[in-house]
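A.B. asks: My questions will all concern the structure given below.
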Amino acid sequence: MLIIAPSILSSDFYDLGKDCEDVLKCGADWIHFDVMDGHLVPNISFGVPILESLSKKIDAFYDVHLMITDPLFYVDSFAKAGADMITFHIESESDPYMTIEEIKSRGLKVGMTLKPGTDIKHLIPFVEMIDMVLIMTVEPGFGGQSFMGDMLPKISAIRKHADSLGMKDFLIQVDGGIDENTAKLVVKEGANVLVAGSYVFKYEDRKIPINKLRSAETDL
């Protein structure tokens, strides 16, 4: 089943809680929570206090993408704040094996990701140890960028490798420039978790984009 995870980086921060409740009511499965430190990526977003405030009031699966230099140091804080999954970058300074184990020790799901310029071969060895790979189809750091079609082979490479290991339900998330058209492209290559920010939040009725994204699975 296709999982739809709106990125609240594109929401109206004045109405952040209201926007989270709205997309969930309109059929979203997860809340995608982008954390940026201004070092690993050239932007600063929100952090632990915001996640804690949301998770106390809104029951949801919080999919936390740490675009930060030292994710290992912050695992405990985000776990206590309400994260259900933590995804970190292979380009970060934290030891990947220690980071995976620390996230698992908190009872959370583990995701790993990489920037568009990083070869997918660097993530292949970790697939057996984690729950999800996130393929970035834009340069991480800002919402509203155009979809990078040359990232599609990364999706198929991870799907083929996971299948070869018998991991048929392995999660492959795609984030960046996702709309009703690009969703079909990534799902065809094996993606099953779609992150969409500006595409979802530009609609007054969020059921419309969420339903369009979900139809990418049935339109194949």
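Values in this text are rule-based calculations from the coordinates and carry no lab data. No experiment lies behind these values; they were computed from the predicted model shown. Using ideal geometry, Cβ is built from the backbone for each residue, glycine included, and neighbour counts are taken over all protein chains shown.
A.B. asks: Taking the DSSP beta bridges in the chain as the whole, what percent of them are antiparallel, to the nearest 5? Before the final figure, lay out the partial values.
C.D. replies: Numbers: 1 of 34 bridges.
In the chain, approximately 5 percent of DSSP beta bridges are antiparallel ones.
A.B. asks: Further question: Relative contact order (percent) for region 1-99, with alpha-carbon contacts under 8 angstrom and 6 or more residues of separation? Intermediate values should be presented prior to the final figure.
C.D. replies: Numbers: 160 pairs, mean separation 24.2, N = 99.
That works out to 24 percent.
A.B. asks: Tell me which of 75, 35, 182 sits at the most positive position along the dipole axis of region 3-218, charges placed on C-beta atoms (Lys, Arg +1; Asp, Glu -1).
C.D. replies: 182
A.B. asks: Moving on to the next point. Order of 187, 127 from fewest to most other C-beta atoms within 10 Å? Let's see the in-between values first.
C.D. replies: On the way: 187 22, 127 19.
With the sparsest Cβ surroundings first, the list reads 127, 187.
A.B. asks: Another question about this same structure. Taking 32 Å as the cut-off for C-alpha to C-alpha distance, list the pairs among 18/121; 18/168; 115/207; 121/202 that go past it.
C.D. replies: Details: 18/121 40 Å; 18/168 36 Å; 115/207 30 Å; 121/202 36 Å.
18/121; 18/168; 121/202, as the Cα separations exceed 32 Å there.
A.B. asks: Post the alpha-carbon centroid distance, region 27-42 to region 70-91, in whole angstrom.
C.D. replies: 11
A.B. asks: Kindly put 26, 20 in sequence by how many other C-beta atoms sit within 10 Å of each C-beta, fewest to most. Please report the intermediate quantities before stating the final value.
C.D. replies: Numbers: 26 18, 20 22.
The fewest-first ordering by Cβ neighbours comes to 26, 20.
A.B. asks: Can I ask one more? Could you run the Karplus curve 6.51 cos²θ - 1.76 cosθ + 1.60 with θ = phi - 60° over region 3-14 and give me ³J(HN,Hα) per residue in whole Hz, x for Gly and Pro?
C.D. replies: 9, 10, 10, x, 8, 6, 4, 9, 7, 7, 4, 4
A.B. asks: Using a cut-off of 10 Å between beta-carbons, work out the net charge of the residues near residue 156 (Lys and Arg +1, Asp and Glu -1, residue 156 not included). Walk me through the numbers on the way to the answer.
C.D. replies: Details: positive: 154, 159, 160, 188; negative: 189.
After counting each charged neighbour, the total is +3.
A.B. asks: Over the chain, what relative contact order in percent results from Cα pairs under 8 Å that are six or more residues apart? Write out the running numbers ahead of the final one.
C.D. replies: Working: 434 pairs, mean separation 45.0, N = 220.
The value is 20 percent.
A.B. asks: Under a 5 Å amide H to amide H cut-off, with H placed in plane at 1.01 Å, what residues pair with residue 61 once short-range neighbours are removed?
C.D. replies: 31
A.B. asks: Here's another thing I want to ask about it. Nearest 20 debye, what's the magnitude of the dipole of the chain about its Cα centre given +1 on Lys and Arg Cβ and -1 on Asp and Glu Cβ?
C.D. replies: Values: 21 positive and 34 negative charges, 95 e Å.
Once rounded to the nearest 20, the dipole reads 460 debye.
A.B. asks: Quick one: what are the phi-derived ³J(HN,Hα) couplings along region 176-192, Karplus 6.51/-1.76/1.60 with θ = phi - 60°, whole Hz, x for glycine and proline?
C.D. replies: x, x, 7, 9, 5, 8, 5, 4, 5, 5, 6, 5, 4, 7, x, 6, 9
A.B. asks: Just want the ordering: 32, 122, 161, from fewest to most Cβ atoms lying within 10 Å of their own Cβ. Walk me through the numbers on the way to the answer.
C.D. replies: On the way: 32 28, 122 13, 161 18.
By the 10 Å Cβ count, ascending: 122, 161, 32.
A.B. asks: For region 84-100, what does the Karplus curve 6.51 cos²θ - 1.76 cosθ + 1.60, with θ = phi - 60°, yield as ³J(HN,Hα) per residue in whole Hz, taken in order and with x for Gly and Pro?
C.D. replies: For region 84-100, the Karplus curve yields 9, 9, 10, 10, 10, 8, 5, 7, 5, 8, 6, 5, x, 5, 5, 5, 4 Hz.
A.B. asks: Along the positive direction of the dipole of the chain (beta-carbon charges: Lys, Arg +1; Asp, Glu -1; about the Cα centre), which of 113, 88, 215 reaches farthest?
C.D. replies: Checked the options; the winner is 215.
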